[in-house]
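**Student:** Got a structure for you, written out below as structure tokens; questions coming shortly.
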Amino acid sequence: MDPLIITCAPVGGEVTLDQTPHLPHTPALLGDTARKIREAGASIVHVHCRTDDGANTHAVERFEEAFREVRASSDLIVQFSTGGAIGMTPVERAAVLALRPEMATLTCGTVNFGDDVFENSFPIMRGIAAKMREFGVRPELEIFDKGHLTNARRLAKEGVIDLPQHVDFVLGVPGGLDATVQNLCDLVDALPEGCTWSAAGIGRQQLPLAMAAIAMGGHVRVGLEDNLYYSKGRLATNEELVARIKRIADEAGRQVATPDEARAILGLGPMRSPQGVATGSPN
Ligand code: KMH
Ligand code: ZN
């Protein structure tokens, strides 16, 4: 089995500062978290940004600052969200790609998201994928439901994305596929040839899904974006969630990948730092 790639999603677009004091919502806090999760065993950081008061933002300047802080404190693979938060426009979501992070998410279909809809029509997906190509950013395909794999194949057939890619199964969103081991097995069976994959379970399913992924040879995403708790009633920090996965992997005899080992497994190039871009420009 390949060494285990642990992705940490420390912020997300839904968790609020009222819910937890552990959300690294400023670039400086994110930089500090990057150092801690790297020490704990993470190799990828999945980045969302907030304003100082905790509101969602996808401003290019804020992502640039966050990227700089992460790079100043770690050699983590920097993966931007292009999902952002409900209500952001596709242009806003894609504009941060101009900073040329090593990776960014590409959600492969629309999904109900609680009472909201996370909209990813084919035109939206094509537009974001085209920006990824333009700026040389590797997609991580976000799969919230089984049909999203079918959509990914269709995008590949159209020539919009290349396959194989790294795929992240985000399971347990209210409106998406349930976070069961059986569903994870079905998705892995349906993967396009040659794809690597990770599992991100929402809420209390984060841990059992991660344990299954470790055993199956996949990779793992944890972090406060997906789960606030370490155990029932006890809030987690991001580094604790990463450290627990590393301990379980160690016990299972599965080595944990360094960022450079993860780059090799995923076929990424060398570590990148942020590219300065005209502020606010989607191009
Ligand atoms: N916040 C969700 C609406 C991504 O980062 O690419 C979308 C999301 C997916 O978090
Ligand atoms: Zn995200």
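**Student:** Filtering region 241-258 down to residues that are in contact (Cβ under 8 Å) with a residue 40 or more places away in the chain and in a helix (DSSP H, G or I), which residue is farthest from the chain's Cα centre (by Cα)?
**Tutor:** ALA249
**Student:** Among the residues of region 213-239, how many are surrounded by 20 or more Cβ atoms within 10 Å (Cβ to Cβ) and either of a type in the set (Asp, Glu) or assigned to a helix (DSSP H, G or I) (or both)?
**Tutor:** Number satisfying all stated conditions: 6.
**Student:** Within the bounds of region 121-136, is there any residue that is farther than 23 Å from GLY172 by Cα and within 15 Å of ligand 2 (Cβ to nearest atom)?
**Tutor:** Within region 121-136, one or more residues are farther than 23 Å from GLY172 by Cα and within 15 Å of ligand 2 (Cβ to nearest atom).
**Student:** Condition first: within 15 Å of ligand 1 (Cβ to nearest atom) and charged (D, E, K, R). Can you find one or more residues in region 149-157 that meet it?
**Tutor:** no
**Student:** Still on this structure: So which residues in region 77-120 are within 13 Å of the chain's Cα centre (by Cα) and of a type in the set (S, T, N, Q), if there are any at all?
**Tutor:** GLN79, SER81, THR82, THR105, THR107
**Student:** Would you please name the residue that is surrounded by the most Cβ atoms within 10 Å (Cβ to Cβ), looking only at residues in region 1-54 that are within 13 Å of ligand 1 (Cβ to nearest atom) and without any contact (Cβ under 8 Å) to a residue 60 or more places away in the chain?
**Tutor:** It comes out as VAL45.
**Student:** Can you tell me which of GLU239, GLU225 is of a type in the set (Asp, Glu), within 19 Å of ILE44 (Cα to Cα), away from ligand 2 (no atom under 16 Å from the Cβ) and modelled with pLDDT of 95 or more?
**Tutor:** GLU239
The values are calculated or read from the model by the stated rules, or taken from the named source; none is laboratory data. No experiment lies behind these values; they were computed from the predicted model shown. Every residue, glycine among them, receives a Cβ derived from its backbone with ideal geometry; neighbour counts consider all protein chains shown.
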